[in-house]
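Asks: Can you keep this structure in mind? I'll have questions shortly.
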Amino acid sequence: TGYIDFEQSDISKLYYSRGDREVGVEYKIMNFNYDAYKSNSSNSYVQVLHWSRLNGIQNCSSEWNCSDIIYNSKDNQQVAESKPTIITTMPSSGVIILSLLFAIIVVLVIIFTGLVIKHYNSKLVK
């Protein structure tokens, strides 16, 4: 019950015109249905959508005898293609502590740089 895509064939393909049809191509898009499986295990798949080359994917009409799509999830909703993004923020106390540590490091770097510049010609620095 994920996304469906069909590739267009062209003359550059090796097997072009060997069984490919340009018109009249139609597919029944099937879905596993547990209720249908309980009643008859050999007919556990039911049609849920219809695809044709001319019209693409269509919801079923009464002539195709379709069923509703049943998703394999707890709440019968479509399953996401990827995990959901979880965004967390740092508490304000953590931001304050990190800011103070950054300020202390900057001050220490400035102090050490000043001392190196002041004593550049001394034996201690050389």
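The values are calculated or read from the model by the stated rules, or taken from the named source; none is laboratory data. Since we're looking at a predicted model, the values are computed, not measured. So basically every Cβ, Gly included, is an ideal-geometry build from the backbone, and we count neighbours across all protein chains shown. In case anyone asks, the SASA skips ligands and DNA or RNA and just uses the protein heavy atoms, side chains included. Shrake-Rupley method; radii C 1.70, N 1.55, O 1.52, S 1.80 Å.
Asks: (1) free of Cβ contacts under 8 Å to residues at least 60 places away in the same chain; (2) under 30 Å from LYS28 (Cα atoms); (3) exposed (fewer than 10 other Cβ atoms within 10 Å of the Cβ); (4) not hydroxyl-bearing (Ser, Thr, Tyr): which one isn't true of GLU81, the others all being true?
Replies: Every listed condition holds for GLU81 apart from (1).
Asks: Please specify each residue of the range 37-46 satisfying the condition of being modelled with pLDDT of 80 or more and not hydroxyl-bearing (Ser, Thr, Tyr).
Replies: Correct list: LYS38, ASN40, VAL46.
Asks: Identify all residues within the range 84-106 that are part of a helix (DSSP H, G or I) and open to solvent by 80 Å² or more (accessible area, probe 1.4 Å); write none if there are none.
Replies: Passing the criteria: SER92, ILE96, ILE97, LEU98, LEU100, LEU101, PHE102, ILE104, ILE105.
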